[in-house]
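Have a look at the structure below, then the notes.
The values are calculated or read from the model by the stated rules, or taken from the named source; none is laboratory data. Given the structure is predicted, the values throughout are model-derived calculations rather than measurements. Cβ placement follows ideal geometry from the backbone for every residue including glycine, while neighbour counts extend to all protein chains displayed. Accessible surface areas use protein heavy atoms only, side chains included; no ligands, DNA or RNA. Shrake-Rupley method; radii C 1.70, N 1.55, O 1.52, S 1.80 Å.
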Number of protein chains: 2
Amino acid sequence: MAITIRPAVAEDVPQILEFIRALAKYEREPDAVTATEADLLRDGFGPTPYYWCLIAEQDGAPAGFALCFFSYSTWLGRAGVYLEDLFVLPEFRGLGIGKALLKRVATIAVEKDCPRLGWEVLDWNTPAIDFYRAMGAEFLDSWRNVRVTGDALIRLAGAEEPAL
Amino acid sequence: MAITIRPAVAEDVPQILEFIRALAKYEREPDAVTATEADLLRDGFGPTPYYWCLIAEQDGAPAGFALCFFSYSTWLGRAGVYLEDLFVLPEFRGLGIGKALLKRVATIAVEKDCPRLGWEVLDWNTPAIDFYRAMGAEFLDSWRNVRVTGDALIRLAGAEEPAL
């Protein structure tokens, strides 16, 4: 049994989208994915990529992925790595593939002089929370996540400005 | 009284660092800022910037700032805007400057086809929470923020891999 982890290439986009859909289903939001292969190709493999991705394979079969982008810490004055998605297909769990993916992401962060690796986890996802804690993660529970999307974002953009 | 909002330029770096320090003090972490002017110059105004920044001025005096980077939504297949810092100096509060900064960030997000604007707020910061809610924001309280930093990150990067 051989687990390999490698950077994703453009040809992986269909598989990446399959992973994204499988993760959304696991996160109880199966209909939330509207991304297309064209979107992922444009945003990950064009001249100014918005994300980067690692693929885990077991004996050549796609087993999981990690998808990241660079954040920024104004306190530290350094870019950080933000782990948007980490997922291992159910039939490949328990083999250390998630740990290997997380470790590789951490290695890339250290190599790139990023002192911070961050992500989010759903509060009911106890197995993931326990796993992350065992990996040395801390939970920043005094920070609430805020978001403006869709029509609310358009309304905000068009809101009355104060006298300018 | 004239409020203006403009993109930051390299010459604003000393002022940006002052804003960052003032915000950290407000967030009860005055000693957390280790960033230097050289860090902010390299990361915001070099060939591949990690962040971008808006400066608010009132009658030419620096009054506040918004500092952002691009996130990525794998569900939507689109980059998003992440608002790392939003701050108005105490003496300029109550004039609509925070709203004008947030609105400008939202406008940039819409212009760049980013369907999501996200940020974090401390759970005790009730004035900010009320303000964000009034701006149409939603709070994603089922998502916990997770982080690995410093020595824990280096340990994770160097952790034993499973048989590869």
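Quick look at the numbers
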{"read-out": "Residue within the stretch A:42-50 that is out of contact with any helix residue (DSSP H, G or I) (no Cβ under 9 Å at 6 or more places or on another chain), within 9 Å of chain B (Cβ to nearest Cβ), open to solvent by less than 40 Å² (accessible area, probe 1.4 Å) and at positive phi present", "value": "no"}
{"read-out": "Test result for B:Ala56, farther than 30 Å from A:Ala32 by Cα, more than 7 Å from chain A (Cβ to nearest Cβ) and either touching a residue at least 40 places away in the same chain (Cβ under 8 Å) or of a type in the set (Ser, Thr, Tyr) (or both)", "value": "yes"}
{"read-out": "B:Glu57 farther than 21 Å from A:Gly80 by Cα and touching a strand residue (DSSP E or B) at 6+ places or on another chain (Cβ under 6 Å)", "value": "yes"}
{"read-out": "Yes/no for B:Thr74 being open to solvent by 10 Å² or more (accessible area, probe 1.4 Å), among the hydroxyl-bearing types (Ser, Thr, Tyr) and within 10 Å of another protein chain (Cβ to nearest Cβ)", "value": "no"}
{"read-out": "Matching residues in the stretch B:91-102 - criterion: being assigned to a helix (DSSP H, G or I) and open to solvent by 60 Å² or more (accessible area, probe 1.4 Å)", "value": "B:Glu91, B:Lys99"}
{"read-out": "Verdict on A:Ile97 being touching a Gly at 6+ places or on another chain (Cβ under 7 Å) and at pLDDT 95 or above", "value": "yes"}
{"read-out": "Verdict on A:Asp130 being surrounded by fewer than 19 Cβ atoms within 10 Å (Cβ to Cβ), touching a strand residue (DSSP E or B) at 6+ places or on another chain (Cβ under 6 Å) and free of Cβ contacts under 8 Å to residues at least 12 places away in the same chain", "value": "no"}
{"read-out": "B:Tyr72 vs. criteria of a type in the set (Phe, Trp, Tyr), modelled with pLDDT of 95 or more and part of a strand (DSSP E or B)", "value": "yes"}
{"read-out": "A:Leu140 under 21 Å from B:Gly118 (Cα atoms), surrounded by fewer than 19 Cβ atoms within 10 Å (Cβ to Cβ) and within 19 Å of the chain's Cα centre (by Cα)", "value": "yes"}
{"read-out": "A:Leu122 more than 30 Å from B:Ala56 (Cα to Cα) and open to solvent by 20 Å² or more (accessible area, probe 1.4 Å)", "value": "no"}
{"read-out": "Single match in B:Ala79, B:Ala56, B:Ala66 (criterion: touching a Gly at 6+ places or on another chain (Cβ under 6 Å), small (Gly, Ala, Ser) and open to solvent by less than 10 Å² (accessible area, probe 1.4 Å))", "value": "B:Ala56"}
{"read-out": "All positions within the stretch A:25-45 that are at pLDDT 95 or above, in a helix (DSSP H, G or I) and not charged (D, E, K, R)", "value": "A:Ala38, A:Leu40, A:Leu41, A:Gly44, A:Phe45"}
{"read-out": "The lone exception for B:Val13 - which of (1) open to solvent by less than 30 Å² (accessible area, probe 1.4 Å); (2) assigned to a loop (DSSP other than H, G, I, E, B) it fails", "value": "(2)"}
{"read-out": "Every residue from the stretch A:103-152 that is part of a helix (DSSP H, G or I), at the interface with another protein chain (Cβ under 7 Å from one of its Cβ atoms) and on the phi < 0 side of the Ramachandran plot", "value": "A:Lys103, A:Ala106, A:Thr107, A:Ala109, A:Val110, A:Tyr132, A:Ala152"}
{"read-out": "When residues of the stretch A:26-41 are limited to those that are open to solvent by 20 Å² or more (accessible area, probe 1.4 Å) and within 15 Å of the chain's Cα centre (by Cα), the one farthest from the other protein chains (Cβ to nearest Cβ)", "value": "A:Tyr26"}
